[in-house]
Amino acid sequence: SRVNAGATAPEWATLLTLTAGSTATQSPFAVSTKTTQAHGLGATPSLIVDYIECLTGELGYTAGDRIAGGFGGASGNRGWEVEYDATNVNIITGGIASVIVNKTTPAGFVALTEANWKIVAVPYKFT
């Protein structure tokens, strides 16, 4: 804990500020693609939050539903990754349809229809 200069009372510490940069979006999701977006933070982001968002309902999901994570599957070359540097955020996708768990009947992975989803990556910087 922290106390004031006179050591007579607790004092709040200054917390970090979290600033969001420009959101990178690949809409719709597309296999074997690299999408680049300048984030405008002026430095390498401290944190990236990425997810897919449903555009057209399928597999028990409705438009607007979000799923976190870069879903791949048992065989390679699926899913996506988010790469970033001091200037850009890049969404890079594999060459095969990604898989998710059916929300209505969760019994394993099912290939999603890329046109029904978009990938979103939000960069943040702590100051």
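So which of Gly64, Gly79, Gly42 ends up being modelled with pLDDT of 95 or more and within 18 Å of Val89 (Cα to Cα)? Talk me through it step by step, then tell me what you get.
Values: Gly64 fails: within 18 Å of Val89 (Cα to Cα); Gly79 fails: modelled with pLDDT of 95 or more.
Selected residue: Gly42, the only one of Gly64, Gly79, Gly42 that is modelled with pLDDT of 95 or more and within 18 Å of Val89 (Cα to Cα).
In the set (1) within 17 Å of Ile119 (Cα to Cα); (2) in contact (Cβ under 8 Å) with a residue 60 or more places away in the chain, the condition left unmet by Leu18 is number (1).
To keep it simple, each residue is scored yes or no on (1) in contact (Cβ under 8 Å) with a residue 40 or more places away in the chain; (2) in contact with a helix residue (DSSP H, G or I) (Cβ under 6 Å, 6 or more places away or on another chain); (3) aromatic (Phe, Trp, Tyr).
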{"residue": "Thr8", "(1), (2), (3)": "no, no, no"}
{"residue": "Ala13", "(1), (2), (3)": "no, no, no"}
{"residue": "Ala24", "(1), (2), (3)": "yes, no, no"}
{"residue": "Ile52", "(1), (2), (3)": "yes, no, no"}
{"residue": "Tyr84", "(1), (2), (3)": "yes, no, yes"}
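One residue stands out in the stretch 79-127 among those that are part of a strand (DSSP E or B) and among the small types (Gly, Ala, Ser): the one that is least open to solvent (accessible area, probe 1.4 Å), namely Ala121. When the stretch 12-41 is filtered for residues that are surrounded by fewer than 11 Cβ atoms within 10 Å (Cβ to Cβ) and farther than 30 Å from Val99 by Cβ, the ones remaining, listed by number, are Trp12, Ala13, Thr14, Leu15, Leu16, Thr17. Restricting attention to the stretch 19-45, the residues that are in a strand (DSSP E or B), closer than 14 Å to Thr87 by Cα and more than 13 Å from the chain's Cα centre (by Cα) add up to 4.
Considering the stretch 46-71, the residues that are under 25 Å from Ala86 (Cα atoms) and of a type in the set (A, V, I, L, M, F, W, C) include one that is surrounded by the fewest Cβ atoms within 10 Å (Cβ to Cβ), namely Ala68.
The values are calculated or read from the model by the stated rules, or taken from the named source; none is laboratory data. Quick caveat, the model's predicted, so the values are computed rather than measured. Quick reminder, even Gly has a Cβ in these numbers, built from the backbone with ideal geometry, and neighbours come from all protein chains shown. Accessible surface areas use protein heavy atoms only, side chains included; no ligands, DNA or RNA. Shrake-Rupley method; radii C 1.70, N 1.55, O 1.52, S 1.80 Å.
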